[in-house]
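The block underneath contains the structure these notes are about, expressed in structure tokens.
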Amino acid sequence: MGTQSKINNKTTGNYTTEPLRAGEIVTMFNKTDELKSFFQHSSLPVLDDLLKKLVMTSGKKSFLVLKNNKYFNVLTENIAFFYVNYASSVIMSFDKQEFMVNHSMEQIQNLLTEKQFYRLNRQYLINFDAVKEVEHYFARKLLVNLTVPTKIKLLVPKEKATSFLHWLDNR
């Protein structure tokens, strides 16, 4: 009966006067340290990764442009493509208006989501919504036709053809 009362005291949360053994104390401290290290080390890197992914997926929503001595924003969703004209980057909107941008193509590419925009070559960065059709071209290249006409034929080099088709298919 004495043993039974000790078990009941432990399960009901009442204190017992039974001393703990040294091994039990060490085990409890080890478990406490494991829990501390789990919550301290595991959660922070995961949180940082989530925050980075959140920033990366949102992308830039608009670009500030100057036209006719007036500044205004061009929404990213209204941009058909970016291209390089001489040494300047230019926005071509879906309504066929052109705007100069004060960023390099590499900077623009880093500001936008990879899901929505694809860098075809050194001169063109296109919006998925602007792609009308894609044709096979000579030497395993691809010819991209957009809803907004371009000054040159948009060719995807054979080295990037698989990547481009994957981008089109996996959105």
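The values are calculated or read from the model by the stated rules, or taken from the named source; none is laboratory data. Treat the numbers as computed from the prediction; the structure is a model and nothing was measured. Positions of Cβ are backbone-derived with ideal geometry, glycine not excepted, and every protein chain shown enters the neighbour counts. These accessible areas exclude ligands, DNA and RNA; they are computed on the full protein's heavy atoms, side chains included. Shrake-Rupley method; radii C 1.70, N 1.55, O 1.52, S 1.80 Å.
Going residue by residue through region 120-128, is there one that turns out to be at pLDDT 95 or above, touching an Asp or Glu at 6+ places or on another chain (Cβ under 7 Å) and either closer than 19 Å to Glu77 by Cα or in a helix (DSSP H, G or I) (or both)?
No: region 120-128 contains no residue that is at pLDDT 95 or above, touching an Asp or Glu at 6+ places or on another chain (Cβ under 7 Å) and either closer than 19 Å to Glu77 by Cα or in a helix (DSSP H, G or I) (or both).
Taking the condition of being under 21 Å from the mean Cα position of the chain (by Cα) and surrounded by fewer than 20 Cβ atoms within 10 Å (Cβ to Cβ), how many residues in region 77-111 meet it?
11
Whether any residue in region 131-154 is in a helix (DSSP H, G or I), closer than 22 Å to Ile79 by Cβ and open to solvent by 40 Å² or more (accessible area, probe 1.4 Å) is what I want to check.
No; the residues of region 131-154 include none that is in a helix (DSSP H, G or I), closer than 22 Å to Ile79 by Cβ and open to solvent by 40 Å² or more (accessible area, probe 1.4 Å).
Being modelled with pLDDT of 80 or more, assigned to a helix (DSSP H, G or I) and not acidic (Asp, Glu) narrows it down to one residue among Ile108, Ile91; which is it?
Going through Ile108, Ile91 in turn, the sole match is Ile108.
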